[in-house]
Each structure stands twice: as structure tokens, then as C-alpha cells.
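Here is the structure we will look at, set down as C-alpha cells.
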Amino acid sequence: MSEKRIKFLFYKEYIKKNLSKKIKPLITEKAIFTNISNNYYTFIFPIYFNKKEISKYLQRVYRIKITKLHTNIYSKKKRNKRILKKTFSGKKIKLKKFKKAFFKVKDF
């Protein structure tokens, strides 16, 4: 086997095992409303993905053509605790950042 073929097979297995848990569609009222009105979809990706990798992943897995792609980076906020009329700002438990990808699909 050629080296490119081995890398491709490794990449395919990596997608099946690891990324299927981390990459998921975002289902909220706002996301569904924009999907119906403007044909936009939202997914959550790990922070180390860039726009090219996101578009390649979506085209390979879902077999769709993407016309526009926007990304935003989010992090979890601090939790505040209230004890006896005093508020204490909590620590961030495991600073987890994630990336939201908004993309428009080409009409069929």
C-alpha cells in the first residue's frame, strides 16, 4: 500500500472513533428557526479545527456542498455561589472551549 492510502485509512478510522463523540449538531429553538428560514445549520466542533478542516469533514461525512461558513469560539463561564446573602465567584472547572460552526448548504 502507498503511504497516502495508509494515511487516508488512518484518518477515516480516527473520524469514526474519536470525532463522532466530539462533533454534534446544535439543536435549539434559534438554530432550528434559522435552519427553516435561511437554510443554515449549526454544529459544535473541537477548538483545534479550522474552517478548511470543518468544510472537508462536513463534505465527507454528510455529502453536502457548503456555500458559507462562519465560526465562533466559546468558553464556559464562571459559576457564582450564593451563601447567606453573599455571592462568591467560583472557579472555572476545566476550562473547556469549543467552536460553533454556522454553515449554509447549497439548495438542491
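The values are calculated or read from the model by the stated rules, or taken from the named source; none is laboratory data. All figures in this text were calculated on a predicted structure; none of them were measured in a lab. In this analysis, Cβ positions are derived from the backbone assuming ideal geometry, glycine residues included, and neighbour counts consider all displayed protein chains. Remember, those area values only see protein heavy atoms, side chains included, never the ligands or the DNA or RNA. Shrake-Rupley method; radii C 1.70, N 1.55, O 1.52, S 1.80 Å.
With respect to residue 51, determine if the residue is within 29 Å of residue 106 (Cβ to Cβ), charged (D, E, K, R) and either at pLDDT 90 or above or open to solvent by less than 100 Å² (accessible area, probe 1.4 Å) (or both).
On the way: within 29 Å of residue 106 (Cβ to Cβ): yes; charged (D, E, K, R): yes; either at pLDDT 90 or above or open to solvent by less than 100 Å² (accessible area, probe 1.4 Å) (or both): yes.
So residue 51 passes the test.
Of these, 81, 68, which one is modelled with pLDDT under 85, in contact with a strand residue (DSSP E or B) (Cβ under 8 Å, 6 or more places away or on another chain) and assigned to a strand (DSSP E or B)?
Exactly one residue qualifies, and that residue is 81.
Does region 23-40 include one or more residues that are out of contact with any helix residue (DSSP H, G or I) (no Cβ under 6 Å at 6 or more places or on another chain), at pLDDT 85 or above, open to solvent by 70 Å² or more (accessible area, probe 1.4 Å) and polar (S, T, N, Q)?
Looking through region 23-40, none of the residues is out of contact with any helix residue (DSSP H, G or I) (no Cβ under 6 Å at 6 or more places or on another chain), at pLDDT 85 or above, open to solvent by 70 Å² or more (accessible area, probe 1.4 Å) and polar (S, T, N, Q).
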